[in-house]
1. Looking only at the range 123-168, filter to residues that are outside any strand (DSSP E or B) and of a type in the set (Phe, Trp, Tyr); which one of those is nearest to THR180 (Cα to Cα)?
2. Being in a helix (DSSP H, G or I) and more than 22 Å from ALA177 (Cβ to Cβ) is the filter here; which residues of the range 42-93 pass it?
3. Determine if the range 72-93 includes at least one residue that is among the aromatic types (Phe, Trp, Tyr) and under 30 Å from TRP40 (Cα atoms).
4. Across the range 94-105, what is the total count of residues that are of a type in the set (Ser, Thr, Tyr) and either at pLDDT below 90 or within 21 Å of GLU43 (Cβ to Cβ) (or both)?
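The values are calculated or read from the model by the stated rules, or taken from the named source; none is laboratory data. For clarity, every value in this text was computed on a predicted model and none was experimentally measured. Counting neighbours? That spans all protein chains shown, and the Cβs are built from the backbone with ideal geometry, glycine included.
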Amino acid sequence: MGISACTSAPFVSAPPAAQPVPPPQEYGLEPGDVVRISVWREEALDQGVLVRPDGGISFPLVGEIEAEGKTVAQISDEITQRLAKYIPDPVVTVSLQQSEGNKIYVTGRVNNPGVFLVNGPVDIMQALSMAGGLNPFADKNGIKVLRRQGDAQTVIPFDYRQVRKGEALQQNIILQAGDTIVVP
């Protein structure tokens, strides 16, 4: 699969269509992520915390917090509110130390199948590129994305040939943590 340098049609530059740009989506924590929580002037309340497989975290004086899907700002606000019972005007800082929970999976007829840690928005074409591209035997119009949401799993079809030609680009969705791309 190479890119040809020759084209049969002349290159025509068209002005870009004015489309609103969506605001960047803030990262929601995932199981496996590590956050650092610190409370100003409280050395005992400065520690790294792992988001457990059930999506929760534990922190002294605060107890259990459901962290999965929440931003670091939301976690900071929740801890601040809960600590206010014990510490007057607590100043809480929460920072993401490791985003180990933001993984996608690519399997099937790609050159390098595996698990990929992503640190920002990644669409299907980018993920296929991360996996070394499709091998010559791949079914280019039979690709599927498996997405689990709670106990339900959905299948999202993807036609590589169309997207490669610049058609049906809405198929090239941004992947979510835990998505699996299957290339038959």
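1. So the residue we want is TYR160.
2. ASP77, ILE79, THR80, GLN81, ARG82, LEU83
3. Among the residues of the range 72-93, at least one is among the aromatic types (Phe, Trp, Tyr) and under 30 Å from TRP40 (Cα atoms), which makes the answer yes.
4. The total comes to 2.
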